[in-house]
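To start, the structure under review is shown below, and the notes come after it.
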Amino acid sequence: MSPSPESNPPSGSGGETIDHTRPMTGLFEELDYRETEIGALSLRRKRLPMLDDLVVYEVKIDEGFLMSSLFTAVERAVASLGLAGLEAGPLDVVVGGLGLGHTAAEALAHPDVRSLIVVEMIEPVIDWHRRGLVPLGKQLTGDPRFRMVRGDFFAMARDPAAGFDPDQPGRRFHAVLLDIDHTPDLLLRECHGGFYQPDGLRRLADHLHPGGMFAMWSDGGTNDRFLQSLQTVFPGAEARRVAFHNPLQDRESASTVYLARNGK
């Protein structure tokens, strides 16, 4: 699906770019709220007095938290680990899921990345970056290597003949980095389930160059059933534990990054 035109200005923002450097006077602001195909989506920022007035950005769907700028280590690790195993040379990369932009930003920090397509289904999320409602929005959209495509990553993954680039059907990539569902079992939409099975992963492999990498974020520990499916298609695939400090609870937390190399 081709990129969509900009929508009406977000509620609560007046369509204006946010000055992310100015101090917050209150404790909480809702920057945008919209009904979407997966529920009520809201973008908020809040000041945390217990963390020296640190300002964090949060995304919620209905009453559930989807992501926070307080925890970005694993989102960035998806890109850094996924690209680390590639041979030197110009790299073309796909990111599934835009979110607050941390996976995309980490990928663009790699010196060999020459093009980056982010596939995002939810139009308001694309809009946040275009309008600068999130801190990384202007950085990403100002990079000539960066392009947002509005579309369903999982539907595109099922169709290698069309692929992830509407301008070049069937185009292959050196890396596909995925950060959408919470885990292979805890999905934002039930229709994503087939992707995590061997047949879905085989179709994904057809989007990759030989030796290309697939990397995926997952909350919590290793899902052994998914890892087995991944290893069926990508021999040598592995799960890496990525630990990070949780300042709200003052303890270590961890998530998982799955890594797989295309042998075709």
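None of the figures in this text is laboratory data; all of them are computed from the coordinates on show. None of the values given here were measured: they were computed from a predicted structure. All Cβ positions, glycine included, derive from the backbone under ideal geometry; neighbour counts span all protein chains shown.
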Starting from the amide H of Arg240, placed 1.01 Å from N in the peptide plane, find each other amide H under 5 Å away whose residue is 5 or more places distant or on another chain. Val257, Tyr258, Leu259
Once segment 21-62 is represented by equal point scatterers at the alpha-carbon sites, with solvent omitted, what log10 I(q)/I(0) does the Debye formula produce at q = 0.13, 0.22, 0.24, 0.33 Å⁻¹? -0.32, -0.70, -0.77, -1.11
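Which is the longest stretch in the chain that no exposed loop site breaks, taking sites as GluC sites (Glu not before Pro) with a DSSP loop state and at most 11 other Cβ atoms within 10 Å? Spell out each step's value before the answer.
Working: sites that count: Glu16, Glu37, Glu63, Glu87.
Formally, the longest exposed-site-free interval is 88-264.
Compute the projected area of the convex hull of the Cα atoms of segment 8-146, averaged over all viewing directions, and report it in nm² to one decimal place.
On the way: hull surface 36.2 nm².
If you wrap the Cα atoms of segment 8-146 in a convex hull and average its projections, you get 9.0 nm².
Might you report the magnitude of the Cβ-based charge dipole of segment 73-261 about its Cα centre, with Lys and Arg at +1 and Asp and Glu at -1, to the nearest 20 debye? Intermediate values should be presented prior to the final figure.
Details: 19 positive and 24 negative charges, 60 e Å.
Here the size comes out at about 280 debye.
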In whole Å, how far is the Cα centre of segment 182-205 from that of segment 128-170? 20
Segment 73-261: translational diffusion in µm²/s, Stokes-Einstein, Kirkwood Rh over Cα pairs, 37 °C, 0.692 mPa s: 197
Of all DSSP beta bridges located in the chain, what percent are antiparallel, nearest 5? 65
Amide H of Asp165 versus every other amide H placed in the peptide plane: which residues, excluding those fewer than 5 positions away on the same chain, fall under 5 Å? Gly170, Arg171
Could you grab the Rg to Rh ratio for segment 150-237? Cα atoms only, Kirkwood for Rh. 0.94
Rounded to the nearest 500, the 222 nm mean residue ellipticity computed for the chain from DSSP H runs (n ≥ 4, each -39500 (n - 2.57)) alone is -5500 deg cm²/dmol
